[in-house]
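Everything below concerns the one structure shown next.
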Amino acid sequence: MKLNFKSFFRDFVEIIYPRATACIACGKEARLYNRYGFCDTCYATLPFIEAPYCSKCGRTIKEGEECNVCKDTNHVFTQALSVFKYETPISDMIQRFKYRNNTYLAEPMARLMVDAIEDRGWEFDGIVPVPLHVKRLNLRGYNQAAYLAYSIGKLMGGKEVLSTVLIRIRNTPSQIGMDRDERMWNLYKSFEVRQGHIVEGKTILLVDDVLTTGSTVDHCSSVLLEAGAQKIYVATFASSVYE
Ligand SMILES: [Zn+2]
Ligand SMILES: [Zn+2]
């Protein structure tokens with residue numbers, strides 16, 4: 001990832017005020033030399049998704065503009081990115097973040113996402129987290145995507161988070177093990193936009209923790225576009241489909 005002045009400044013602040021004493025992946029005490037909070041051993045093995053990227057879904061491609069999957073898929077969003085492949089230690093981190101209340105991970109995760117967003121040069125007006133259905137939200141106690149959205153907003157100089165615009169109106173079964181078509185049906189009419197004027201004419205950054213087939217973010221993008229949003233970018237921490 002290329003360095004710019006903003007990230008240089010953040011590094012500088014971090015050196016003066018180190019914020020963590022334990023590696024965010026393995027938990028071992030470590031002197032932290034990188035700005036994300038990983039120990040050097042973990043950092044050296046991180047499964048970054050490398051350029052060149054598919055111009056649509058953001059996974060690594062060997063040649064051309066789009067990956068083989070995107071050539072046959074009509075994604076509704078403009079472009080997506082994921083920082084990592086969904087592999088260890090990233091997959092374990094996401095499990096802790098999502099199901100074990102390790103919400104302090106939102107900030108270091110968002111930092112990695114912000115660097116990737118700045119690297120792509122995306123400009124947008126507001127951030128929308130992929131919502132959970134209210135029943136699942138009550139069960140888990142928090143929406144991990146909203147944590148990421150607020151941390152990204154904060155790190156990007158107070159970008160607005162539009163957290164009430166997009167809602168999930170159907171509590172769909174878990175999508176683990178479903179292919180793209182099954183997911184599309186499963187998600188049919190699952191999302192709705194409230195107070196659409198808030199997104200009218202705006203470029204939106206849609207945020208989630210994991211990208212799989214892209215059907216969830218496609219559904220979200222399509223209702224946001226119907227409500228008058230101009231363009232949707234998608235940022236996720238990891239992608240479980242990357243080859
Ligand atoms: Zn470590
Ligand atoms: Zn693609």
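Details
- For segment 45-101, the Rg and Dmax computed from alpha carbons only, in angstrom: 13.6, 41
- The overall shape of segment 47-239 is rounded: from the C-alpha gyration tensor, with semi-axes ordered a ≥ b ≥ c, the ratio a/c is less than 1.5.
- Ranked by how many other Cβ atoms sit within 10 Å of their own Cβ, fewest first, the residues 83, 76, 234 fall in the order 76, 83, 234.
- Around the amide H of residue 57, modelled in the peptide plane, lie the amide H atoms of 67, 80, all under 5 Å away and 5 or more residues distant in sequence or on another chain.
- For segment 234-240, the Karplus equation 6.51 cos²θ - 1.76 cosθ + 1.60, evaluated at θ = phi - 60°, returns couplings of 10, 10, 10, 6, 9, 10, 8 Hz by residue, with Gly and Pro reported as x.
- Size of electric dipole in the chain: Cβ of Lys, Arg +1 and of Asp, Glu -1, about Cα centre, debye, nearest 20: 720 debye
- Of the chymotrypsin sites (Phe, Trp or Tyr not before Pro) found in segment 101-160, those in coil by DSSP whose Cβ has at most 15 other Cβ atoms within 10 Å are 142.
- Spin-label pair residue 180-residue 200: with each label point 7 Å from Cα along the Cα-Cβ axis, the two points sit 3.4 nm from one another.
- Of 85/189; 159/202; 159/231; 56/189; 98/231; 98/135, pairs whose Cα-Cα distance is over 21 Å: 85/189; 56/189; 98/231
- Sorted by Cβ density within 10 Å, fewest first, the residues 187, 205: 187, 205
- Estimated from the Cβ-Cβ distance and a Förster radius of 35 angstrom, the FRET efficiency linking residue 125 and residue 65 is about 0.85.
- Among beta bridges that DSSP assigns inside the chain, antiparallel share in %, nearest 5: 20 percent
- Cleavage-rule hits, trypsin sites (Lys or Arg not before Pro), segment 181-241, DSSP coil, Cβ neighbours within 10 Å at most 13: 189, 194
- The 3J(HN,Hα) values that the Karplus relation (6.51, -1.76, 1.60; θ = phi - 60°) gives for segment 83-88 are, in residue order, 6, 10, 6, 7, 9, 5 Hz. Gly and Pro appear as x.
- Sites residue 134 and residue 160, calculated FRET efficiency, Cβ-Cβ separation with R0 25 Å, nearest 0.05: 0.65
Values quoted throughout were computed directly from the atomic coordinates according to the rules given, and no laboratory measurement underlies them. This structure is a prediction, so every number in the text was calculated from the model and none was measured. Cβ sites come from the backbone with ideal geometry, for glycine too, and all protein chains shown count toward neighbours.
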